Amino acid sequence: MLMGKETGGFKGGFDLLDTYPLKFCNIVEEISSDGTPEIYHFPVPTQKVEHVIVSLCPTEPWALPNWVILKHKTAAFLTVLKEIKNSYFPDARFYIAINEKETRTVADAKNFACNEDWMSVFPIYPKYPHDDPIVLTKVILNLDADFGQDMESLGVLILDAQTVSALYESLILKKNVNSRFIVLSGTGLKENEILNVQLGTTIEKVLRNKVKELVRHRVFINGPLRGQEITDLSQKTDWSINHLVVLEEKDRKVILPMFKSDELLLTTNVLGELRRCVSCNFCDDICPVYLEPALYYHSYTRGEKHKARLYNLEKCIECGLCSFICPSKLELLEIIKECKALDNQK
Ligand code: SF4
Ligand code: SF4
């Protein structure tokens, strides 16, 4: 069954894929752990799964591209998915969200779905953050979820392509899965690469000989927008790491970095002079859940963090677009997280 796409009450978003097109070498290098590699165990949900959303719609250029797992054989991938459904989720309905620009994948999935009443295909425009679990759940199932909520409590399981593949290997074929693909990209690297990394390998080893020499850089797990910056590279890789972005540190002010598609500047220029909010409303305009991030910033700088909670702060899906778009490079998402963490009673 082919479904029409709805915006589901979300707006804005940003076309990161077109703004920062990344090229990868097709040769996948393997990186082995120094110790015994860890084994991936898929946590089979304890609660009844009614809906399984398979996300084949990465909206960030530094995320793992579909072709790495699908290998342009969509029907084979969906056949694997059918085996998983029959063995583990016989009563669930499956929804396949696919980047609508990947027309061949969409066409192959549609052809497959013609004879399969257990699945629906959702072509989705790949604007960031439209692959966010909360957005997908609302757009596809019309279910409301809060940031951080356990989707399984709603009967929803969301899988990406690589997890489907690992699930098949471990649960159906009974093989040990001890590695995963990790994408390396960013201005701080010699080149963008896709690696097959044994689980438990340190990030220091993953990045060894790949970072540009004599360049100050910052490392982000799962991207600079909604990921996490790390300084301790002895941290070990696990299944949650999809990509590592290494950005060259810039200490010069860059106005409107989102229009400099030749350089991925984003939040790297935090040094330099103190900046002010220039009341441009860019952050309000781009927020996909209709929040006004500048309000949080003003509450914060007035020393009234608790007041930020009055403005629907809990609806923030922590996509990081407000920080990304802010011409003053204010770390809005960091402020939001700090305000969210406050005790409700304050
Ligand atoms: S306020 Fe939250 S949801 Fe809105 S753009 Fe910022 S991080 Fe994203
Ligand atoms: S984008 Fe930045 S400068 Fe513009 S209104 Fe928002 S916080 Fe202020």
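Please treat every number below as a calculation from the coordinates, not as lab data. On a predicted model such as this, the values are computed, not experimentally measured, just so you know. Glycine gets a Cβ as well: all are built from the backbone with ideal geometry, and neighbour counts include every protein chain shown.
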TODO: Using the Karplus curve 6.51 cos²θ - 1.76 cosθ + 1.60 with θ = phi - 60°, work out ³J(HN,Hα) for each residue of the stretch 92-106 in order, rounded to whole Hz, and write x for Gly and Pro.
DONE: 8, 9, 10, 10, 9, 8, 10, 3, 5, 6, 8, 4, 5, 5, 4
Task: Intensity falloff of the stretch 274-340 expressed as log10 I(q)/I(0), Debye formula with alpha-carbon point scatterers, at q = 0.13, 0.15, 0.20, 0.23 Å⁻¹ - done: -0.28, -0.37, -0.69, -0.94
TODO: Give me the number: length gained by fully extending VAL44 to ALA341, i.e. 0.36 nm times residue separation minus the C-alpha to C-alpha distance, one decimal in nm.
DONE: 103.9 nm
Task: Alpha-carbon Debye profile of the stretch 16-66, log10 I(q)/I(0) at 0.15, 0.19, 0.26, 0.28 Å⁻¹ - done: -0.81, -0.97, -1.05, -1.11
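Over all directions, what mean area does the Cα convex hull of the chain project, stated in square nanometres?
Average projection, Cα convex hull of the chain: 18.3 nm².
Can you give the net charge of the other residues whose Cβ lies under 12 Å from the Cβ of GLU116, counting K and R as +1 and D and E as -1?
+3
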TODO: Take the alpha carbon atoms of the stretch 30-71, find their center, do the same for the stretch 164-213, and report the distance between the two centers in whole angstrom.
DONE: 11
Task: Helical mean residue ellipticity (222 nm; -39500 (n - 2.57) per DSSP H run of 4+; nearest 500) of the chain - done: -6500 deg cm²/dmol
- [ ] Determine the sum of side-chain charges near PHE42: Lys and Arg each +1, Asp and Glu each -1, restricted to other residues whose C-beta is under 15 angstrom from that of PHE42.
- [x] -2
TODO: Check the straight Cα-Cα distances from LYS11 and name the lysines below 24 Å, setting aside those fewer than 8 residues away within the same chain.
DONE: LYS101, LYS127, LYS138, LYS260, LYS315, LYS329, LYS337, LYS340
TODO: Rank these for me by crowding, LEU330, LEU310, LEU143, LEU167, going from fewest to most other beta carbons within 10 Å.
DONE: LEU310, LEU143, LEU167, LEU330
Open item on the list: Looking only at Cβ-Cβ distances, which cysteines of the chain have no other cysteine closer than 4.7 Å?
Closed with: CYS25, CYS57, CYS114, CYS277, CYS280, CYS287, CYS316, CYS319, CYS326, CYS339
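Take every DSSP beta bridge whose two residues both sit in the stretch 48-140, then give the antiparallel share in percent to the nearest 5. Can you show the working numbers first?
Numbers: 0 of 12 bridges.
Within the stretch 48-140, antiparallel bridges account for around 0 percent of the total.
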- [ ] Place +1 on the Cβ of every Lys and Arg and -1 on the Cβ of every Asp and Glu in the chain, take the dipole about the Cα centre, and give the residue among THR201, GLY148, PRO129 whose Cα lies farthest towards its positive end.
- [x] PRO129
Open item on the list: Just to be sure I understand the model, the point goes 7 Å from the Cα along the line to the Cβ. What's the resulting GLU331 to GLU29 distance in nm?
Closed with: 3.1
Task: Note, ³J(HN,Hα) from phi for the stretch 43-56, Karplus 6.51, -1.76, 1.60, rounded to Hz, x at Gly and Pro - done: x, 5, x, 7, 8, 5, 9, 9, 10, 10, 9, 9, 8, 10
Task: Rounded to 5, percent antiparallel among DSSP beta bridges of the chain - done: 40
Open item on the list: Can you give me the distance in nm between label points at LYS236 and VAL278, each placed 7 Å from the Cα along the Cα-to-Cβ direction?
Closed with: 4.7
